[in-house]
Structures are given as structure tokens and as C-alpha cells.
Amino acid sequence: MEAMNWWLSFPLHDSLNQDLAIRRFCPERVEQEHGSDESLMEEAMINDFELFSPSPHTSSNHHLATSEVDELIDSFINIDDDRNDDNKSPDEHQDFNQDDMEMEVFSMLEGDDELLMEMRGSSEEDLAGSTEILPPSVNIEQVSSTHGVDQGLHLVHLLLACAEAVGCRDTQLADSILGQVCASSSPWGDSLQRVAYCFATGLKSRLSLLQNVNPNGLFTNGGMDVSLITREEKMEAFQLVYQTTPYVAFGFMAANEAISQAAQGKDSLHIIDLGMEHALQWPSLIRTLASRPEGPPKIRITGLIMEQNLSELGASMKGLIEDAKSQGVSLEFDMVSEPLTPSLLTREKLNLREGEALFVNGIMHLHKYVKESRGSLKVILQAIKKLGPTLLTVVEQDANHNGPFFLGRFLESLHYYSAIFDSLEASLPRNSPQRLKMERIHFAEEIRNIVAYEGSDRIERHERADQWRRQLGRAGFHVMGLKCMSQARMLLSVYGCDGYTLSLEKGCLLLGWKDRPIMLASAWQVNNINH
């Protein structure tokens with residue numbers, strides 16, 4: 001844990017020049033310096049598939065010196081984080097005391113050595129008992145030993161050096177370094193080893209794609225590294241994230257509170273759920289609306305579905321309709337299986353009715369329409385505005401994973417997911433099968449998409465809260481300050497794990513781990529509209 005805390009202690013400043021980081025270590029970028037920065041950025045934004053194209057300027061002997069990596073990491077240490085907690089009022093910030101909680105729990109369990117060992121993490125015997133599932137390349141002593149700062153620093157050095165070689169398309173060097181990363185990382189190790197394993201998998205996928213492109217930069221047959229994870233496995237992993245961490249539940253809670261507050265005095269609600277894949281969000285909202293002093297409203301939910309297999313979702317909503325009926329709530333559900341486009345977001349296609357208050361719900365979905373040019377998201381938001389919704393809810397990962405240059409994106413995502421894996425380390429035993437499923441299926445798939453893919457195949461284009469404010473503001477929305485801090489605090493207390501933090505920032509509610517933002521929740525209204 002010491003190595004992970006060391007890594008997480010480096011503040012990642014929003015204004016970090018990612019392009020400079022790449023040009024600093026990549027000879028190819030240096031050779032492009034005689035062109036303007038503006039033309040370089042424009043080129044990358046127009047067609048980021050060019051990063052896959054072979055380069056005649058790339059040196060096969062290029063190597064990233066350890067001193068250069070040290071200098072890059074030192075730059076993280078020396079940059080002051082602009083998120084200063086001293087300026088936050090008690091109502092805007094909540095931090096749970098981990099030491100006090102651990103002392104209380106361990107004092108209660110004193111004498112129960114077996115349970116204490118389980119709560120403090122898996123022992124060497126636990127890991128030794130799992131040797132039959134360890135791949136041959138994993139050294140048992142590496143997995144079971146505690147990584148110090150030196151080992152953690154070495155592993156981060158290897159990851160950055162490998163990413164730099166991949167970014168410069170030096171596949172021979174990247175393959176060599178990747179072998180060392182794989183030997184030092186493990187899905188069964190400490191949090192730093194586990195997150196390194198996931199990033200190594202992403203780098204391996206990107207190398208596979210690099211080796212299967214033609215001279216035009218397009219994938220040849222068999223070049224796409226298709227995931228073998230089934231939809232059922234993804235859904236199971238997502239539900240585990242929902243049940244065992246506050247990250248998803250936080251978004252549901254904040255969006256539902258915003259909807260219920262804006263629905264006061266309204267008798268009929270129509271909720272458009274963008275990219276609906278499950279019904280997990282809605283039981284809580286129905287219970288809240290059923291208990292309104294003025295009586296429950298009629299509710300209609302239209303799910304815009306991306307998947308073709310709708311039977312499971314239909315069955316879940318059928319059960320929800322029956323449950324709502326038992327609470328005196330009339331609930332109607334419709335599904336629309338079409339891609340989210342401006343042509344779909346019309347009153348006719350969505351069957352909007354007079355007298356209904358319209359709510360548009362976006363839970364970790366709108367980032368999939370963010371491109372470097374931002375044109376795709378802009379037209380989606382403008383189409384939503386034309387519908388005249390009472391409220392638009394936006395819940396997203398608060399991270400900068402959409403830079404046009406690979407190395408900068410890699411650095412940002414490594415910081416972000418290191419924090420998430422650290423939070424899982426603090427709340428679940430080392431040998432927890434639930435933790436393994438969440439990391440290997442849910443989070444690793446996000447990491448792989450960010451690290452390996454480009455163009456339309458890269459959909460995990462997370463952005464920071466200030467970017468969402470800018471984009472929504474330009475589209476004609478203004479933020480409606482959330483009033484659910486007390487509910488958020490209660491939610492975090494349920495998980496019984498210290499380290500989670502809450503803050504309000506310009507109308508957005510942020511959930512973080514050790515003050516590093518992870519999720520943002522917000523609610524938006526159309527400018528100059530009276531309800």
C-alpha cells in the first residue's frame with residue numbers, strides 16, 4: 001500500500017501539457033517541431049488513426065532513459081494541486097477517518113486472528129493456495145511480498161517507458177519492456193501490481209493493433225483485438241461495482257434526488273434514459289416519488305437501448321412495473337433500439353405527450369459521443385435542448401482521458417485507475433473473487449479501450465467537470481446546484497470504508513478517493529425556459 005500511496009500522492013494538474021510530455025521523449029515528435037503546434041494538434045484531431053501508421057522516422061534503437069522518467073515523475077510532485085481543501089467549507093467536504101475506524105474494528109475483533117488476517121489482506125498462505133491458477137510468468141514471491149516504494153517506482157518506470165515506446169511505434173522495444181511489466185505485475189498482487197497488469201493488457205492490445213495496420217493506417221483482417229467478455233459477464237461486473245463501491249450508486253442517488261426535486265408539483269413525468277442497459281437506478285426513485293405528500297405522479301420511462309438483446313431488460317422492467325403498482329405508482333415503460341442521434345431525439349420518435357414533464361437522464365453515457373472535435377456531443381446536446389426538458393442529469397467519470405496524444409492520455413488514466421484500485425484494496429480482501437471480477441472485467445475493459453483504441457473504436461472518452469460545464473453551457477444549459485450532500489454522506493457511510501471524499505464545485509457534486517476526483521454528478525436546465 002505504501003507504493004500506491006506514493007504514486008497517488010502526485011497531483012495531476014489540469015494544465016499539464018500532454019503534447020510537451022510526448023515531444024520531450026519521442027524523437028519523432030521532435031522532428032515535427034518545425035511545424036506549428038496548432039497544425040500538429042489539428043492533424044491529430046482530424047485523424048487520430050495516424051498514430052497507428054508506421055513511421056519512417058522512428059528509431060528502432062530508441063530507449064527512454066530512467067533519468068528521463070524520473071524527471072517526468074518529479075514534475076508530478078512539484079506541481080501544486082489546484083484542488084485546495086483549505087478553501088472548502090464543512091458542508092462542501094466530507095472525509096472519513098480511516099485510522100480511527102480501523103482501530104475500532106480491530107479492537108472489536110481482537111483475538112480473532114483468522115478474521116483479522118482476512119480484513120488486513122490475504123496472507124502468504126492465501127496466495128500460496130492459489131498457485132494452481134497463477135500463470136507461469138508470475139513469480140509467487142513477487143505476488144505475496146509487500147512492494148515498497150522502490151519496487152513501485154520501478155514498476156511505474158517500466159509502464160511509462162513501455163507506453164513511450166508504444167507511442168513512438170517502437171514495437172520491438174515495447175515488446176521487450178512489456179515482458180518486464182508482465183513479470184512484475186499480477187491480477188492477484190497489491191493494488192499497484194493489479195492496476196499495472198490491466199494497463200499492460202491494454203498496451204499489449206495496442207501493440208497487436210499496431211502490428212496489423214496497412215500503409216494507409218487501416219486495420220487489416222484480423223487486426224481488431226476483439227474482447228471475449230460476454231454481455232452477461234459485463235453486467236455481472238457492473239452490478240458488483242454498484243453493490244460493493246459507491247461509484248455507481250452515487251450517480252444514481254444524485255440523479256434521482258435532482259429529478260425528484262424538479263418533479264415537485266408535477267403530475268406526469270416522462271424520463272428518457274440515454275443508453276439504458278439495466279433498471280438498477282429506478283426502484284429508489286419510485287419509492288421516493290410514491291411517498292410524496294401530494295401523492296405519486298404518473299411515470300413513463302423510455303429507454304434508448306444500444307444492445308439488441310432486450311429480453312433481460314424487459315423482464316427487469318416488468319418486475320419494476322409490478323413493484324411500482326404495489327406502491328400506488330402508475331409506471332409505463334418503452335424501449336427504443338436505435339443509435340443515439342439527433343434524428344432520434346425528436347418529439348415524434350420519442351412519443352412525447354402534452355402535459356408531461358420531460359427529464360433526460362445521462363448516466364456514464366454521454367462521454368461516448370465526445371470526439372476530439374467535440375462536434376458529435378454538441379449536436380446531441382442541441383437536440384436534447386430542442387426537446388425542452390425540465391431537467392438533464394449528467395453523471396460521468398471525472399477524468400481527462402480524451403487528449404489527442406497517447407502518452408498524455410496514458411498518464412492521466414494511470415493516475416485515475418490507480419486511485420480506484422487503491423479504494424478497492426482498502427475495502428475488499430486481496431483474494432476477493434468479487435474484486436477480481438470488477439477489476440478484470442469492468443475496469444480493465446475501460447482501461448483497454450482508453451489505452452488500445454483510437455478513432456470511433458475509442459468510446460471511453462472521459463472528461464473533467466470543467467469541460468462538461470463548458471460544453472453544456474455552450475449548448476444552452478445552466479447548472480442547477482445539487483442539494484443532496486447529506487444523502488451522499490449517508491450513502492458513503494453504508495460502505496464502511498474510509499478514504500472517500502465529497503465536494504461541491506460550481507454546482508457539480510464530486511465523489512473522490514483521498515481527494516482525487518473519481519465521479520461527478522450534475523443537473524442542468526435549459527436557459528431562459530419557464531416551467
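The values are calculated or read from the model by the stated rules, or taken from the named source; none is laboratory data. Since the structure is predicted, the reported quantities are computational estimates derived from the model, not experimental observations. A quick note on method: Cβ atoms are made from the backbone with ideal geometry, for glycine too, and the neighbour counts reach across all protein chains shown. For the accessible areas, the whole protein counts, side chains as well, though only heavy atoms, and no ligand, DNA or RNA atoms are used. Shrake-Rupley method; radii C 1.70, N 1.55, O 1.52, S 1.80 Å.
Annotations
- Gain in span if fully extended, Leu387 to Arg287, counting 0.36 nm per residue against the direct Cα distance: 33.3 nm
- Estimated from the Cβ-Cβ distance and a Förster radius of 45 angstrom, the FRET efficiency linking Asp175 and Arg470 is about 0.65.
- If R0 is taken as 45 Å, the Cβ-Cβ distance between Gln434 and Gln264 corresponds to a FRET efficiency of 0.70.
- Percent carbon-and-sulfur accessible area, region 335-463, ignoring ligands, DNA and RNA, probe 1.4 Å: 50 percent
- For region 418-509: relative contact order, % (alpha-carbon pairs under 8 angstrom, 6 or more apart): 23 percent
- With K and R counted +1 and D and E -1, the other residues having a Cβ less than 12 Å from that of Gly319 yield a net charge of -1.
- With contacts taken as Cα pairs under 8 Å at a separation of at least 6 residues, region 323-420 carries a relative contact order of 26 percent.
- Packing-based ranking of 354-365, 228-239, 249-260 yields 249-260, 354-365, 228-239, ordered from highest to lowest mean Cβ neighbour count within 10 Å.
- Region 231-353 - percent relative contact order, Cα under 8 Å, separation 6 or more: 23 percent
- Taken per residue, the accessible surface of region 389-531 reaches 29 Å², heavy atoms only and a 1.4 Å probe.
- Area projected by the alpha carbon convex hull of region 370-474, averaged over all directions, nm²: 8.1 nm²
- A cut-off under 15 angstrom between Cβ atoms defines the neighbours of Ser260, and their net charge, with Lys, Arg +1 and Asp, Glu -1, is +2.
- Dipole magnitude for region 380-491: computed about the Cα centre from +1 point charges on Lys and Arg Cβ and -1 point charges on Asp and Glu Cβ, it is near 420 debye.
- Zone of Asp334's modelled label, taken as backbone nitrogen in region 261-291 under 15 Å from a point 7 Å along Cα→Cβ: 269-274
- Once Rg and the Kirkwood radius are both taken over the C-alpha atoms of region 374-418, their ratio Rg/Rh works out to 1.15.
- For region 297-374: accessible area per residue (Å², 1.4 Å): 48 Å²
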